[in-house]
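Some notes on the structure that comes next.
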Amino acid sequence: MRTKVDARLWQEIAHYRLRFSCEDCAQFVPELGTCSAGYPNAEHRRREQPSEIVFCKEFELT
Ligand code: SF4
C-alpha cells in the first residue's frame, strides 16, 4: 500500500516510533539486504524521509 507522507505524518512517526520498513521486520535478512519470504523489497527498505511510503502487507515487527 502506497501512502503519501507529509510533515505531520513524519512527526507522528517520530513521536510514536512507528516502524514499517524491512529493517524492522522479522523476515529481513540484514546480511543480504533481502527478504527471507522471497518478496522483492526495494520499495520497503528504509529511506530518508521519502515523499511516499510503500507498506508491505507481510511486515512482522521484530
Ligand atoms: S516481509 Fe515485507 S517488510 Fe518484511 S522483509 Fe519481506 S518485503 Fe520487507
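The values are calculated or read from the model by the stated rules, or taken from the named source; none is laboratory data. None of the values given here were measured: they were computed from a predicted structure. Positions of Cβ are generated from backbone atoms using ideal geometry, with glycine treated the same way; all protein chains shown enter the neighbour counts. Only protein heavy atoms, including side chains, enter the accessible area calculation; ligands, DNA and RNA are left aside. Shrake-Rupley method; radii C 1.70, N 1.55, O 1.52, S 1.80 Å.
For the residues 2, 19, the requirement of being basic (Lys, Arg), open to solvent by 40 Å² or more (accessible area, probe 1.4 Å) and within 13 Å of the ligand (Cβ to nearest atom) singles out 19. Scanning segment 37-58 for residues that are closer than 22 Å to residue 9 by Cα and assigned to a loop (DSSP other than H, G, I, E, B) yields a count of 11. Of the residues making up segment 37-53, those that are more than 7 Å from the ligand (Cβ to nearest atom) and polar (S, T, N, Q) are 49, 51. For residue 56, the criteria (1) over 11 Å from the mean Cα position of the chain (by Cα); (2) at pLDDT 95 or above hold in every case but one, which is (1). Of the residues that sit in segment 27-36 and are outside any strand (DSSP E or B) and not hydroxyl-bearing (Ser, Thr, Tyr), which one is farthest from the ligand (Cβ to nearest atom)? So, considering only residues that are outside any strand (DSSP E or B) and not hydroxyl-bearing (Ser, Thr, Tyr), the one farthest from the ligand (Cβ to nearest atom) is 31.
Among the residues making up segment 24-49, those that are within 11 Å of the chain's Cα centre (by Cα) and open to solvent by less than 50 Å² (accessible area, probe 1.4 Å) are 24, 25, 28, 41, 44.
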